[in-house]
Every structure is written in C-alpha cells, then in structure tokens.
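Single-structure report; data block below.
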C-alpha cells in the first residue's frame with residue numbers, strides 16, 4: 001500500500017524495510033526476555049538471535065534470486081536491493097536453522113531449550129515482515145471479488161495495479177500472530193524441550209500451504225502444476241516435525257521411567 005513512507009532528497013524510507021527492522025528489534029528484545037525467564041544466558045541468546053536473523057535475510061534473498069534467476073541474471077544489480085521486497089521465507093528458515101545450530105553447538109548451549117526460545121521470535125518478527133510485504137506489494141494474492149479485497153494503486157508497488165486481490169500478506173501476518181499466541185500458550189505447558197519448535201514447524205507448514213492457494217505472484221511449480229515449491233517444502237517440514245515430536249516425547253518418557 002505504501003512502498004515509500006517518505007523521501008528526503010535521495011533518501012527514501014520504504015515500508016518494507018521499516019517493518020522488517022521493527023520485526024528484527026522486537027524479536028531480539030523478546031528473545032532476551034524469554035532467555036531470562038527460562039535461565040539461559042541472555043547475552044548468548046541475543047548474539048544467536050542477531051546471527052540467525054542475518055542468516056535468515058541472506059538465505060531468504062538467495063532462494064528468491066534462485067527462483068527468479070531469469071530476471072536477476074539480466075538485472076544483477078537488483079539482487080542487493082532487498083528493501084524493495086523479495087525474500088522467500090523458507091530460504092531464510094533454512095539459513096537460520098543452519099547458523100543457529102552451529103552457534104548453539106559451538107557455545108555449548110542447551111539445544112532444544114534454546115531452540116524453543118528462538119522459535120517464539122520467528123512468528124512474531126515474521127508478522128511484522130508480512131506487513132512490510134503488504135506495504136511493498138510483494139507476496140500478493142490472486143484477483144478476487146471478496147468484500148475484503150484490496151487494490152494497489154501506487155506505481156512503486158510490486159502488486160498488480162488497480163485490481164482487487166486477496167490481501168495474502170495480511171492473511172500471513174494474522175496467521176503468524178495466531179501461531180505466536182499458540183506458542184505463548186504452550187510455553188509453560190510443554191511436555192518436553194523442543195515441543196515449541198516442532199509445533200511451530202508443523203502448524204506454520206500447514207497454514208502457509210493453505211495461504212499459498214490464494215497467492216497470485218509467481219510461486220514456481222512442484223507437483224502437477226498444482227502445488228508450489230513452498231507447499232512441497234511445507235509437506236516435508238510437517239512430516240519431519242511429526243517424527244521429531246514422536247522421538248522427543250518417547251525420549252522424555254524413557255528418561256522418566
């Protein structure tokens with residue numbers, strides 16, 4: 001809706017960059033608070049959050065460039081212009097998991113306990129990021145005549161102009177806030193360390209897959225021209241999370257028996 005918030009000379013504050021920055025700050029603040037609550041060293045968690053967010057931004061951009069290589073191979077300068085939008089979440093998730101795993105192992109932090117802290121930050125920060133997508137017009141929806149459809153009119157927008165489309169960015173933001181609320185409800189009721197992380201992976205993969213059906217931007221195709229690459233990745237992650245929860249719950253039972 002508002003790709004550019006304001007301009008002063010050659011400087012422009014873009015809605016996408018602003019919301020990503022807000023999500024980054026709020027996420028790190030919350031991670032520090034949660035670390036204090038569960039007794040994990042706050043300084044290490046703040047450093048971990050910083051490095052994983054950085055890895056997430058790089059990973060999500062790399063996957064976007066790979067998916068849209070036909071365009072970026074002809075316009076290589078555009079690769080660095082992330083403030084215009086163009087981050088693929090699953091690329092960021094993979095990058096964050098790899099860097100987070102290495103950091104946790106290197107600093108000998110409790111793996112699943114730390115992961116449960118970090119996973120609370122993901123949907124919270126992601127909710128702000130999707131508001132940035134709404135501002136930029138990326139990750140837009142298909143044409144619809146539903147009463148809550150939105151219309152983008154700013155020439156700087158990445159969405160198709162002057163047509164009514166699904167506000168899929170808002171669907172995603174609301175979805176992430178709902179997942180955050182679920183994890184907050186479970187955090188003092190979890191049965192084993194790692195339950196929050198695996199619950200997040202499962203719920204997000206399923207709900208993201210549903211929202212994909214309303215997306216109108218180029219999604220890439222994986223199966224029979226029906227399912228997108230994100231849906232394919234989501235199925236794999238959902239299955240992995242189920243296996244992980246079964247394994248960790250049984251391990252907990254064996255320790256207590």
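The values are calculated or read from the model by the stated rules, or taken from the named source; none is laboratory data. Keep in mind it's a predicted model, so treat the numbers as computed, not measured. Glycine also receives a Cβ, built like all others from the backbone with ideal geometry; neighbour counts cover every protein chain displayed.
Annotations for the structure displayed:
- For the stretch 11-44, a residue qualifies if it is free of Cβ contacts under 8 Å to residues at least 12 places away in the same chain, assigned to a helix (DSSP H, G or I) and over 19 Å from the mean Cα position of the chain (by Cα), and the qualifying residues are 33, 36, 37, 42, 43.
- Top-ranked residue in the stretch 77-102 [being at pLDDT 85 or above and surrounded by 20 or more Cβ atoms within 10 Å (Cβ to Cβ); ranked as nearest to residue 19 (Cα to Cα)]: 92
- Of the helices (runs of 4 or more DSSP H) lying entirely inside the stretch 138-257, those containing at least 2 residues that are out of contact with any helix residue (DSSP H, G or I) (no Cβ under 7 Å at 6 or more places or on another chain) and closer than 28 Å to residue 34 by Cα span 168-186, 229-256.
- Test: residue 2 is assigned to a loop (DSSP other than H, G, I, E, B), in contact with a helix residue (DSSP H, G or I) (Cβ under 6 Å, 6 or more places away or on another chain) and over 30 Å from residue 251 (Cβ atoms): yes
- One residue alone among 74, 108, 44 is at positive phi and surrounded by fewer than 17 Cβ atoms within 10 Å (Cβ to Cβ), and that residue is 108.
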